[in-house]
Amino acid sequence: QIPKGGGRLRWSFLVRDRNIAFSVKKREMADVGGAVEVEIVEAQRYESGARHTSGVACADAGTMVLCFDNGFSWMRQKHVAFKYEVVAPGHAPTLTGEPTAVDEQLAAGVAKVSVEEQGGASATEKAL
């Protein structure tokens, strides 16, 4: 959720074995009916073995959706460790792209969920 006044959405993820598609969408109200998701970062496949870290500026408040898509290879499960943060204007990001403890757990096949507060930004780290 991007707060009023905007901010920067940052993410970092690692895939164990094979690759996965990733995109970012913004959920907006449609003229008629419910919400629609508008693609902000185009879907792209990312290879395993490296941490992928990036971000996007968000001028307006709203709901952003991080999409991991395994539709091209549904017969093979994927293991993804990811972390995201919403950085308020005037605050420094905490995601560096450096290896984390979850990277090691992902390599070992261990799942973990933790939520932490860092420098005004919320972050969730999860190995699936």
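The values are calculated or read from the model by the stated rules, or taken from the named source; none is laboratory data. Worth saying up front: this structure is predicted, and the values here are computed from it rather than measured. Because the Cβ atoms are built from the backbone with ideal geometry, glycine has one as well, and the counts that use them run over all protein chains shown. Note: accessible area is taken over every heavy atom of the protein model, side chains too, but ligands, DNA and RNA are not part of it. Shrake-Rupley method; radii C 1.70, N 1.55, O 1.52, S 1.80 Å.
Find the residue count for region 41-56, including only residues that are surrounded by 15 or more Cβ atoms within 10 Å (Cβ to Cβ) and farther than 26 Å from R76 by Cα.
The qualifying residues number 1.
Output the qualifying pairs, or none if there are none: Cβ atoms under 6 angstrom, residues six or more apart or on different chains, first residue in region 68-91 and under 17 Å from V24 (Cβ atoms), second residue open to solvent by 30 Å² or more (accessible area, probe 1.4 Å) and at pLDDT 85 or above.
Filtered contacts from region 68-91: V80/F68; E85/R10; V87/R8.
Would you mention how many residues in region 1-40 are in a strand (DSSP E or B) and either under 17 Å from H91 (Cβ atoms) or open to solvent by less than 40 Å² (accessible area, probe 1.4 Å) (or both)? Full working, then the answer.
First, the residues of region 1-40 that are in a strand (DSSP E or B): 2, 7-16, 19-29, 35-40.
Keeping just the survivors that are either under 17 Å from H91 (Cβ atoms) or open to solvent by less than 40 Å² (accessible area, probe 1.4 Å) (or both) gives 2, 7-15, 19-24, 26.
So the answer is 17.
Do we find a residue being modelled with pLDDT of 90 or more and closer than 21 Å to Q44 by Cα anywhere in region 85-106?
Scanning region 85-106, I find at least one residue that is modelled with pLDDT of 90 or more and closer than 21 Å to Q44 by Cα, so the answer is yes.
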